[in-house]
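The values are calculated or read from the model by the stated rules, or taken from the named source; none is laboratory data. Just so we're clear, the structure is a prediction, and the values are computed from it rather than from any experiment. Backbone-built Cβ (ideal geometry, glycine too); neighbour counts: all protein chains shown. Side chains included, ligands, DNA and RNA excluded: accessible areas come from the protein's heavy atoms. Shrake-Rupley method; radii C 1.70, N 1.55, O 1.52, S 1.80 Å.
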Amino acid sequence: MWSVGVIGAGPGVSALHLPTLARLPELFRVVHIADSGSGRAEELARRIGARSSSGIGEVFQDERVQLALICSPPADHASHVRAALDAGVAGILCEKPLATSVAEAESLVVACRERGVALLIGTNHLYDPGWVQARRLIGELRAPVDSVRVTLSLPPNGRYHRLVTEFAEGVESPVRHPPSGLPAHVQAGIVRQLVSGLAVHDLPAIRDLVPGFDGVDFARFVAPLGYAVGYRAGRARVQLGAVMRAEGADARWRLTVSAGESRVDVDFPPAFVHDGAASVVVRGSEGGVMVPPRSHLDGYEAEWLAFAELLSGEAPLEYEEQLEDTRYAIVLAEAVAAHIEGASS
């Protein structure tokens with residue numbers, strides 16, 4: 001059994017990782033949770049009999065900690081990964097993104113490789129059994145991928161947080177919507193963050209299907225909070241669309257792949273929900289429809305099981321793939337932001 005030290009005590013920890021690890025008691029045990037001074041770690045740790053602290057100092061001085069789970073704000077990921085490496089952990093699961101610059105990501109991956117530390121960047125859609133099944137079926141279509149489209153409709157994160165985490169009764173969510181009429185550079189900055197923090201869930205899967213990035217066709221901010229992005233990857237076209245509306249429809253998170261006359265739809269469960277794997281529908285070139293059985297295993301659990309395989313040596317440490325996924329997301333986010341700013345000049 002591996003002992004886990006957690007950096008961060010927000011919704012990603014309380015609603016996602018802690019419930020997931022509770023389902024894998026033979027593999028992992030959370031022994032320490034650290035927050036940034038919010039005091040939330042104490043309550044989360046109390047529930048599971050773990051130790052709590054503020055800051056990262058104590059968690060990495062805890063001799064029981066063998067693995068680090070990094071769930072701090074994205075800007076802190078790189079420094080917290082380095083702190084984990086300096087503490088001598090055997091493995092690091094870092095929520096996306098690994099870093100905010102390519103140079104920083106390269107440096108971290110080199111350090112992990114040199115020390116033989118298992119590294120996994122949290123991308124639950126990539127490990128979702130539904131997606132794994134869909135990827136195999138796409139390969140069996142024997143037709144090149146023509147297009148990939150991700151359609152994402154979400155209520156603001158605060159709505160999810162109220163449903164599944166510890167907002168007290170009567171406490172308003174801190175989620176804020178940007179006002180209308182924003183300058184282009186502000187819109188570009190928002191979309192850059194949304195691509196880095198939201199679209200990034202699906203970018204490793206897209207990169208696996210259609211490697212490469214050959215330029216942005218269109219990109220714009222979508223009010224009240226969202227984006228519409230189109231870009232080229234070889235002969236394929238990729239479209240990413242997302243919007244968050246306070247009173248909008250329930251969540252939809254769909255990845256659609258077209259190859260020749262066939263189409264594969266992958267519908268992922270909403271974020272912050274443990275509801276089994278993504279559902280898959282394959283529409284063949286002759287009009288037939290196939291709906292494979294859906295796994296009870298969700299992407300979060302599959303992700304931690306994949307991490308266990310890395311730690312045990314059952315799976316190879318694919319440092320370069322982790323780095324390429326990070327580089328792809330950063331390059332795309334920067335190109336999209338530049339396109340939005342350039343379109344206004």
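Assorted remarks:
- Percent accessible area from carbon and sulfur atoms, segment 1-138, protein chains only, probe 1.4 Å: 51 percent
- For the chain, the longest principal axis of the Cα atoms and the long axis of helix 299-312 meet at an angle of about 60 degrees.
- Take the Cα of VAL273, step 7 Å toward its Cβ, do the same at ARG46, and the gap between the two points is 3.1 nm.
- Mean residue ellipticity (222 nm) of the chain, computed from DSSP H runs ≥ 4 via -39,500 (n - 2.57), nearest 500: -11000 deg cm²/dmol
- Accessible area per residue for the chain, computed on protein heavy atoms with a 1.4 Å probe, is 45 Å².
- Cα gyration tensor, segment 214-285 - rounded (a/c under 1.5), prolate or oblate: oblate
- A Gaussian network model of the chain, with springs between Cα atoms under 10 Å, assigns the largest mean-square fluctuation among PHE307, PHE218, PHE60 to PHE218.
- Rounded to 5, the percent of DSSP beta bridges in the chain classed as antiparallel: 50 percent
- Axis of helix 102-115 versus longest Cα principal axis of the chain: the two differ by about 50°, to the nearest ten degrees.
- Nearest 10 degrees, 0 to 90: helix 184-197 Cα axis against the chain principal axis: 70 degrees
- Accessible surface of segment 187-315 [probe 1.4 Å, protein heavy atoms]: carbon and sulfur percent: 49 percent
- Going by accessible surface with a 1.4 Å probe and the largest first, ASP62, ASP76, ASP275, ASP267 read ASP275, ASP76, ASP267, ASP62.
- Taking the chain and dividing mean pair separation by its residue count, relative contact order in percent (alpha carbons under 8 Å, at least six apart): 19 percent
- Highest-fluctuation residue, SER52, SER262, SER14 considered, GNM on the chain with Cα pairs under 10 Å: SER262
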